[in-house]
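Trainee: Please see the structure below; I have some questions.
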Amino acid sequence: MMKNIAFILFTVLTLVITSCGKDDEYVESVDNQKPTVPLNLVVSGQTENSVTLSWDASTDNVGVTGYKVYQNGTVVINSQTGTSATISNLPENTDLTYNISAFDAQNNESNLSNSVEVSIAAAPLSFLPLLSQMGVFAGNIADLNPASRVQLYEVTSSLFTDYAKKQRLIRLPEGEKMTYNNSNLLPNFPDNTLIAKTFYYKLDETNPSSANRVLETRIFLKINGVWEVGEYVWNAAQTDAAFTIQGSEIPVSYTNESGEVKDINYLIPSKQDCFTCHNNNEVTLPIGMKLRNMNFTPDFTNGQNQLDYLTSNGYLENVTPTAITVLPEWTNTNNDILNRGRAYIDINCAHCHNPGGSVTNFGLDFRFETPFSETGIYANRGEIESRTQSNIPTFRMPQLGRTIIHEEAVTMLLEYLDAIED
């Protein structure tokens, strides 16, 4: 009896094993087959930074599980179940090629579909409601850490703004550069360039780790060949800044390097104020980014001339620093007093006092390149002396951008005015 039972069990197991082996062979032969190639891949929709693709369904002997989307030969969607897909956050100013493949449950993948090409243009810039939306800063924006592709730059002599500190940034569209135009003045900027200047105070300048009070960020956008100006005013919590076209006044108290507490009624410019200074022949232009203003070696370039640094980092081309003059640093006492005086007057006054500026009725041309005999400085030396020492809003010079006297500059300018008497 026991022998019969054992024989029966052995027979059943043999049949099961044999049957499974045959099924395995069948499945294996089926799973070697690829799905058919997806046909008629087309671009069915496109926005500034996204594209939607559509195609005809593939077939397979055991069923198509999904589709893979290839962008320039790399899989960007690994498993799409439908016959359309949207790819978002595409890089601007790029050309892209797409293909589709189908796969089944055993990951047998079809050959690639036909190719479609997509061009993503540089998205036109605009002023958004909040500074955090403008792509200028990364992380906590109060830390003023530049975002990706946003480059720091410096100038030799700076406009005085009630002793506020300034951070200067520029962002160019992907793959674009500033180009030299055979001038010491502004380079050629591509459309969709963004320039940002942020004004802030270190609340205690005697303490290197002191917190900042950030007040404003001025933004320049080049849109369709025209520079547009935007103003962002920071909130008291230092969490963001809001777009405005209105001027305002912000009280600030800080401790300077000498340990003195200074109280400033800081002036935020209106849109019209910006145009007054940045106007040349009724055209709005940047002021600070003249090539001769950047032809020096600031700290952040680690010993490299800034123009060479910008060139090597892909922001500037066709520039030889030795072929470009240098705007002297007016604070450097090793520079000749005649050059120091001209440099200060250029960066603080020449944007209004030049033949194309907003103030032409005095016949002044304070640009550094203008021969001294044609500037009108000598004939108006008394005005320069009195106006730079005045704090009367309608008389002081410059009228915009300051509410207090620039003491160190006045000392230098008096020395300069004495020198031109000789």
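Trainee: Report, largest value first, the span of the C-alpha coordinates of the chain along each principal axis, in whole Å.
Mentor: 131, 47, 41
Trainee: Follow-up question, since we're still on this one. Run the helix sum for the chain: -39,500 (n - 2.57) per DSSP H stretch of 4+ residues, divided by residue count, reported at 222 nm to the nearest 500 deg cm²/dmol. Walk me through the numbers before you get to the answer.
Mentor: Details: 6 runs with 78 residues, N = 422.
Result for the chain: -6000 deg cm²/dmol, rounded to the nearest 500.
Trainee: Counting heavy atoms of the protein chains only and a 1.4 Å probe, report the per residue accessible area for the chain as a whole number of Å². Walk me through the numbers on the way to the answer.
Mentor: Working: 21510 Å² over 422 residues.
Here the per-residue accessible area is 51 Å².
Trainee: Along the charge dipole of the range 263-373, pointing to its positive end and built from +1/-1 on Cβ of Lys, Arg, Asp and Glu, which listed residue (Asn335, Val359, Thr325) has its Cα farthest out?
Mentor: Comparing the listed Cα positions along the dipole, Val359 ranks first.
Trainee: Moving to a separate point now. Cα-based Rg (one decimal) and Dmax (whole number) for the range 181-297, in Å?
Mentor: Just the Cα atoms of the range 181-297 yield Rg and Dmax of 16.7, 48 Å.
Trainee: On to the next question. Separation between the Glu317 and Ile245 pseudo-spin-labels, each 7 Å from Cα along Cα→Cβ, expressed in nm?
Mentor: 3.7 nm
Trainee: Could you pull the accessible area for Glu374 with a 1.4 Å probe, rounded to 10 Å²?
Mentor: About 120 Å², ignoring ligands and nucleic acids.
Trainee: Something else now. Does the range 249-309 classify as rounded, prolate or oblate by the C-alpha gyration tensor (a ≥ b ≥ c root eigenvalues; a/c under 1.5 gives rounded; else a/b over b/c gives prolate, otherwise oblate)?
Mentor: Working: a/c = 4.16, a/b = 1.13, b/c = 3.68.
Cα axes put the range 249-309 in the oblate bin.
Trainee: Only residues of the range 124-146 count here: report those whose backbone N is under 15 Å from the spot 7 Å along Cα→Cβ of Leu152, or say none.
Mentor: 137-138, 143-146
Trainee: Going through the range 277-343, which GluC sites (Glu not before Pro) have at most 14 other Cβ atoms within 10 Å and a DSSP loop state? Walk me through the intermediate numbers first.
Mentor: Working: sites: Glu282, Glu317, Glu329; in loops: Glu282, Glu329.
For GluC sites (Glu not before Pro) across the range 277-343 that sit outside H, G, I, E and B with at most 14 neighbouring Cβ atoms in 10 Å, the list reads Glu282.
Trainee: Ile324: accessible area at probe 1.4 Å, nearest 10 Å²?
Mentor: About 10 Å², rounded to the nearest 10.
Trainee: Roughly what would the spin-label model give for Glu385 and Glu369, points 7 Å off Cα along C-beta, in nm?
Mentor: Each label point is offset 7 Å from its Cα along the Cβ direction, giving 3.2 nm.
Trainee: Could you point to the residue in Asn235, Gly135, Asn114 farthest towards the positive end of the range 99-249's charge dipole, with +1 and -1 charges on the Cβ of Lys/Arg and Asp/Glu respectively?
Mentor: Asn235
Trainee: Tilt of helix 337-349 relative to the longest C-alpha principal axis of the chain, in degrees (0 to 90, nearest 10)?
Mentor: Tilt relative to the chain: about 60 degrees.
Trainee: Determine the dipole magnitude for the chain: charges of +1 sit on the beta-carbon of Lys and Arg, -1 on that of Asp and Glu, nothing else is charged, the reference point is the Cα centre, and the result goes in debye to the nearest 20.
Mentor: Details: 26 positive and 48 negative charges, 69 e Å.
Magnitude of the dipole: close to 340 debye.
Trainee: Given the range 37-78 reduced to its alpha-carbon atoms as identical point scatterers, what log10 I(q)/I(0) does the Debye formula return at q = 0.24 Å⁻¹?
Mentor: Values returned for q = 0.24 Å⁻¹ are -0.99.
Trainee: Tally up the carbon and sulfur contribution to the accessible surface of the range 174-233 as a whole percent, 1.4 Å probe, everything protein left in place.
Mentor: On the way: 1000 of 2370 Å².
Exposed carbon and sulfur together represent 42 percent of the surface.
Trainee: Also, I was wondering about something else. Run the simple label-point estimate for Leu338 and Leu128 please: 7 Å along Cα→C-beta, distance reported in nm.
Mentor: 5.2 nm
Trainee: Can you bin the range 145-226 into rounded, prolate or oblate? Criterion: square roots of the alpha carbon gyration tensor eigenvalues sorted a ≥ b ≥ c, rounded for a/c under 1.5, prolate for a/b above b/c, oblate for the rest.
Mentor: Details: a/c = 2.49, a/b = 1.93, b/c = 1.29.
Prolate.
Trainee: Moving to a separate point now. Lys/Arg Cβ at +1, Asp/Glu Cβ at -1, dipole of the chain taken about the Cα centre: which of Asn99, Leu172, Thr193 is farthest positive-ward?
Mentor: Positive-end residue among those listed: Asn99.
Trainee: Pull out a ≥ b ≥ c, the square roots of the eigenvalues of the alpha-carbon gyration tensor of the range 308-362, then state rounded if a/c is under 1.5, prolate if not and a/b is larger than b/c, and oblate in the remaining case.
Mentor: Working: a/c = 3.03, a/b = 1.44, b/c = 2.11.
Oblate, because a/c is 1.5 or more while a/b does not exceed b/c.
Trainee: Please list Val64, Val136 from largest to smallest accessible area, probe radius 1.4 Å, with all protein chains kept in place. Write down the numbers at each step before the final one.
Mentor: On the way: Val64 45, Val136 0 Å².
If we order Val64, Val136 from most to least accessible, we get Val64, Val136.
Trainee: Let me ask something additional. May I ask for the equivalent-ellipsoid semi-axes of the range 119-182, computed as the square root of five times each C-alpha gyration tensor eigenvalue and listed largest first in whole Å?
Mentor: Values: eigenvalues 112, 76, 25 Å².
They are 24, 20, 11 Å, listed from largest to smallest.
Trainee: For Lys271 and Ser54, what is the calculated FRET efficiency with R₀ set at 51 Å and r taken between the beta-carbons, to the nearest 0.05? Spell out each step's value before the answer.
Mentor: Values: r = 45 Å, r/R0 = 0.89.
For Lys271 and Ser54, the calculated efficiency is 0.65.
The values are calculated or read from the model by the stated rules, or taken from the named source; none is laboratory data. What you are looking at is a predicted structure, and each value in this text was computed from that prediction instead of being measured. So basically every Cβ, Gly included, is an ideal-geometry build from the backbone, and we count neighbours across all protein chains shown. The area values use the complete protein model at the heavy-atom level, side chains included, leaving out ligands, DNA and RNA. Shrake-Rupley method; radii C 1.70, N 1.55, O 1.52, S 1.80 Å.
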